[in-house]
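The values are calculated or read from the model by the stated rules, or taken from the named source; none is laboratory data. These figures come from a predicted structure and were not determined experimentally. Ideal geometry is used to build each Cβ from the backbone, glycine not excepted, and the neighbour counts take in all protein chains shown. Please note that ligands, DNA and RNA were not included when accessible areas were found on the heavy atoms of the full protein model with its side chains. Shrake-Rupley method; radii C 1.70, N 1.55, O 1.52, S 1.80 Å.
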Amino acid sequence: MNLRRLWAIMIKELRQLRRDRVTLAMIMGMPVLQLILFGYAINLNLRYLPAAVADQSQTAGSRAAVQDLLASEVIEQHATAQTPQQLIDLLRQGRISVGIAVPPDFERRKLDGREAIQVMVDGSDNVVQSAAGQLAQYPLNQPDDFHATTETPISVVSFYNPERRSAVNIVPGLIGVILTMTMVLFTAVAIVRETERGNMELLITTPVSRTELMIGKVLPYAGIGLIQTTLVLLLGAWLFQVPLRGSLWDVYMAASLLVLANLSLGLLISTRAKSQFQAMQMTFFVFLPSILLSGFMFPFAGMPTPAQWIAELLPLTHFIRLIRGIMLRGADLSDLWPDSLALLAFIAVMLTLSIRLFHKRLD
Amino acid sequence: MTDTAIHARGLTKRFGTLVAVNAVTLDVPRACVYGFLGPNGSGKSTTIRMLCGLLTPTEGDIEVLGLHIPQQAEQLKRRIGYMTQKFSLFDDLSVRQNLEFLATVQGLSRQREKSRVAELLKRYHLDDRQEQLAGTLSGGQKQRLALAGATVHDPELLLLDEPTSAVDPESRRDFWEKLFELADTGTTILVSTHYMDEAERCHRLAILDRGNLVADGTPKELTGELEGRTFLVRANSPRAARDALADAPGVLSVAQIGNELRVLMRDNRATVDTLRSRLASAGLEGDTEAVSPSLEDVFVVATHQQQQREEQAA
Ligand SMILES: Nc1ncnc2c1ncn2[C@@H]1O[C@H](COP(=O)(O)OP(=O)(O)OP(=O)(O)O)[C@@H](O)[C@H]1O
Ligand SMILES: [Mg+2]
């Protein structure tokens, strides 16, 4: 391998990239957009559902119970109502998702141990329904002391994310998702594009070796991957107070492993794809299972066994375990050696395969 | 070191059932401009690609600059320059950046690279365009840049695939001047074309037709074989004269060029009088004279013979 030639290819790649406004915008825009999307909009723990209260009892006890429910922050009072019928109307109009009805005989029912409060839910949205289910767990039915809010019948205790904020869980994984999406696609497209434009026929008639060509094309993108990682880390810390309990060095090591794994996968795709469009399709073929099976969105443990096998083959699965371990639990890479090793093996296999499959020939 | 730059025997390339190149045998002497003449789809590009090791021949042996191809293709790559039919430099790099990239990749030292790029920019009249993006150059400028790129490392052999297809006649002449300059310094040049006037300039040429090599030699040798078989007819009604002559015995082809007809005979027994009487018997008048054969005629004869051979084989 000739370092000057390698350097020339890298410089050429960076120069072309600098002129490619769309790709540049994607490199910076994608992390920002996804962070905001996943961080704010896709909030897996529902909060502030619009609600209305019809308190027909109007006793000190009923007001206190209603206050307790509002204090949970699962609901937020958006409208007022006098009767349960008005609540139903509001629900139907879509102005509220949850209605709280306190019957006139609230105190009596409480003493009798019967249901004292009715929570009406917009059942057409099952996420809302399950969120409202949490409300029903509030200790209102206890006849003796309804102020004892600490004695919740079922308590959910979350260790590393006590406030159960999903952003904290999502941001570290998001680094992986963004790297998977951009890195695979960029390399695959970068090589297929040269074939499409005819540049490859010129390149392969020069003394450039296969290894020089592949590594020279891939390294600039590895740098870009680490820039994206930095961007997500900074924004995550700033916007969502995502903690970093492990070492920054380990975070970058883990990110580098994922970047290289994805780049070598991109290379492999580029040796098979005939057009940029095909390269894109193949990328999404890998991307979709990565998002769904890696544990980024759904817990790994809850998946059927075959899905888990597939997930073990995906670099993102291992990265998610690494990065959550490092950032949220303060683990270091050596604690998580099986996943680091899995990523290294993935890189070795993909690189060998792609250099094998890439020929300096047209047929 | 031999005097042959390229030596190919029974070169064949099949794509599935299609025979793109059929048993081509070829010898290209050193320091010579060797033309590859053939219509679209005749296998020019395929042959050139096999010669530089980009395509593996289905059958046949190739030796280029003393190296066995495709086995020793990697060694060959330092010694040849290849200009693809389609512009293959980087559209989104400047003229200078393209040349610098190729110079580095071809292994020129840092100092050599600098002087060589400056020299090429000057020689190919690109110095005032050096910061322009290659993709925005005109057709002729692109060809010059591509030639500069192919010669950056002073290769012994240049393979040029239809280098002048998008270029005006004036630029084509300039381009060919450059080719002869290169040949004078000892570079062997294989150039494909479908322009007769370009073929005529070559030291030697091979004519390809649907994958077959149908004739080769110097332009003089090739046209010399047709001596006495070509005539020019100026008739008042060229269309009628054309019809009258087309199926006359001994006539191989009649082509109309403006108001004149170019008649090609099957052998050299015919004279001006034969044609005159033929016209007269059709009630037509016309001036007839013998002319010297052109490469176009060579091409017509060669493809015709090939057709006959194929019909016999069938
Ligand atoms: N990769 C390929 N797969 C299948 N067929 C091919 C391939 N490359 C070339 N051919 C066929 O081989 C034949 C010769 O093609 P080639 O490109 O060599 O012609 P050419 O003489 O260069 O023509 P042109 O003047 O149009 O460039 C054509 O019929 C073409 O369709
Ligand atoms: Mg061609």
Looking at B:Arg116, B:Arg112, B:Arg123, B:Arg173, which one is farther than 18 Å from A:Gly198 by Cβ and surrounded by 19 or more Cβ atoms within 10 Å (Cβ to Cβ)? B:Arg116
Note on the range A:96-118: residues touching a strand residue (DSSP E or B) at 6+ places or on another chain (Cβ under 6 Å) and either in a helix (DSSP H, G or I) or under 10 Å from A:Ala51 (Cβ atoms) (or both) are A:Ile96, A:Ser97, A:Val98, A:Gly99, A:Ile100
Looking for something touching a residue at least 24 places away in the same chain (Cβ under 8 Å) and over 21 Å from A:Leu219 (Cα atoms) - is there at least one such residue anywhere in the range A:255-275? yes
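Tell me which residues, restricted to the range B:175-204, are part of a strand (DSSP E or B) and within 16 Å of ligand 2 (Cβ to nearest atom). Reasoning before the result, please.
Just the residues of the range B:175-204 that are part of a strand (DSSP E or B), to begin with: B:188-193, B:204.
Listed by number, the residues that qualify are B:Leu190, B:Val191, B:Ser192, B:Thr193.
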Of everything in the range B:82-117, what is among the acidic types (Asp, Glu) and more than 9 Å from every other protein chain (Cβ to nearest Cβ)? Give them in sequence order. B:Glu113
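Out of curiosity, is A:Leu111 modelled with pLDDT of 85 or more and farther than 30 Å from A:Gln228 by Cβ? Before the answer, list the steps.
Numbers: modelled with pLDDT of 85 or more: no; farther than 30 Å from A:Gln228 by Cβ: yes.
Judged against the criteria, A:Leu111 is not a match.
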Could you list all residues from the range B:247-281 that are of a type in the set (Gly, Ala, Ser), part of a loop (DSSP other than H, G, I, E, B) and surrounded by 13 or more Cβ atoms within 10 Å (Cβ to Cβ)? B:Ala248, B:Gly250, B:Ala270
Looking for whichever is surrounded by 17 or more Cβ atoms within 10 Å (Cβ to Cβ) and within 14 Å of ligand 2 (Cβ to nearest atom) here; the options are B:Ile69, B:Ile62, B:Ile48. Which one fits? B:Ile48
Test B:Gly10 against the stated conditions and say whether it is outside the structural domain of B:Ser192 (by TED's automatic domain parsing), open to solvent by 10 Å² or more (accessible area, probe 1.4 Å) and in contact (Cβ under 8 Å) with a residue 40 or more places away in the chain. yes
Which members of the range B:72-88 meet the condition of being under 18 Å from B:His153 (Cβ atoms), within 16 Å of ligand 1 (Cβ to nearest atom) and open to solvent by 10 Å² or more (accessible area, probe 1.4 Å)? B:Tyr82, B:Thr84
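Name the single residue that is nearest to ligand 2 (Cβ to nearest atom) among those in the range B:25-40 being touching a strand residue (DSSP E or B) at 6+ places or on another chain (Cβ under 8 Å) and open to solvent by 40 Å² or more (accessible area, probe 1.4 Å). Reasoning before the result, please.
Step one: of the range B:25-40, the residues touching a strand residue (DSSP E or B) at 6+ places or on another chain (Cβ under 8 Å) are B:25-39.
Now drop any that are not open to solvent by 40 Å² or more (accessible area, probe 1.4 Å), which leaves B:25, B:27, B:29-31, B:39.
On the way: B:Thr25: 20, B:Asp27: 21, B:Pro29: 23, B:Arg30: 24, B:Ala31: 25, B:Pro39: 10 Å.
Per the criteria, the residue is B:Pro39.
Go over the candidates B:Gly149, B:Gly186 one by one and state the one that is more than 30 Å from B:Glu310 (Cα to Cα) and open to solvent by less than 30 Å² (accessible area, probe 1.4 Å).
Details: B:Gly186 fails: open to solvent by less than 30 Å² (accessible area, probe 1.4 Å).
Only one candidate qualifies: B:Gly149.
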Here the residues within the range B:13-24 that are aliphatic (A, V, I, L, M) and either buried (at least 16 other Cβ atoms within 10 Å of the Cβ) or more than 16 Å from ligand 2 (Cβ to nearest atom) (or both) are B:Val19, B:Ala20, B:Val21, B:Ala23, B:Val24
Selection count, the range B:29-81, where residues are touching a helix residue (DSSP H, G or I) at 6+ places or on another chain (Cβ under 6 Å) and facing another protein chain (nearest Cβ under 9 Å): 3
Every pair of residues 6+ apart whose Cβ atoms lie under 9 Å, when the first sits in the range A:2-19 and is at the interface with another protein chain (Cβ under 9 Å from one of its Cβ atoms) while the second is open to solvent by 50 Å² or more (accessible area, probe 1.4 Å) and of a type in the set (Lys, Arg): A:Arg4/B:Arg110
